[in-house]
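*Asks:* Below you will find the structure I want to go over with you.
The values are calculated or read from the model by the stated rules, or taken from the named source; none is laboratory data. Only a predicted model underlies this, so the values are computations on that prediction, with no experimental measurement involved. Heads up, the Cβs are rebuilt from the backbone with ideal geometry, glycines too, and the neighbour counts pull from every protein chain shown.
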């Protein structure tokens, strides 16, 4: 009987310590369950009449999907046209528009460190399904010294993913709520 009283006392002390150490808001989060997270759909790259080569557009798109997925900020990263995006209330759309592009030369970069840089500048927007802009950033991706020209697309995608990760996004509505 006394060992049972000791174990009940230990449990009571443990509960008291947890309540003392954790703030009330943290305890409320435990009881509320998982908070709904945003999903994101990556749209194709809009070149806006720039002279960017098609392989650069495709490389930017593929690198964006990869880097945004690696950031683990979103519960799902969907490609444009993915049927699983239909009817999702907590969906943001990543739109990327090329603002400027300067073709570089790997050969010039190898010979001299002053010329031959590949430079990309894009405007990235996170929008709700109804077109409301939640976040907008202008991001660069360059290759100045070493690496292939397409390395600029990887650098750009990594910079976009970092900008999204550092941004404060509004809380998504719980599933079942209209957005």
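*Asks:* Among the residues of segment 74-104, write down those that are outside any helix (DSSP H, G or I) and out of contact with any strand residue (DSSP E or B) (no Cβ under 8 Å at 6 or more places or on another chain).
*Replies:* The answer is 81, 86, 87, 89.
For (1) at pLDDT 85 or above; (2) touching a helix residue (DSSP H, G or I) at 6+ places or on another chain (Cβ under 9 Å), each residue gets a yes or a no:
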site	(1), (2)
74	yes, yes
79	yes, yes
84	no, no
87	no, no
90	yes, no
97	yes, no
100	yes, no
106	no, no
113	no, no
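*Asks:* Any residue at all in segment 32-43 that's under 30 Å from residue 154 (Cβ atoms), at pLDDT 95 or above and in a loop (DSSP other than H, G, I, E, B)?
*Replies:* Yes, there is a match, as at least one residue in segment 32-43 is under 30 Å from residue 154 (Cβ atoms), at pLDDT 95 or above and in a loop (DSSP other than H, G, I, E, B).
*Asks:* Would you mind stating whether residue 63 is buried (at least 16 other Cβ atoms within 10 Å of the Cβ) and either out of contact with any helix residue (DSSP H, G or I) (no Cβ under 7 Å at 6 or more places or on another chain) or farther than 29 Å from residue 170 by Cα (or both)?
*Replies:* Taking the combined requirement at face value, the residue does not satisfy it.
*Asks:* Now for a different question. Have a look at 130, 140 and point out the one that is over 20 Å from residue 158 (Cβ atoms) and either without any contact (Cβ under 8 Å) to a residue 60 or more places away in the chain or part of a loop (DSSP other than H, G, I, E, B) (or both).
*Replies:* The conditions single out 130.
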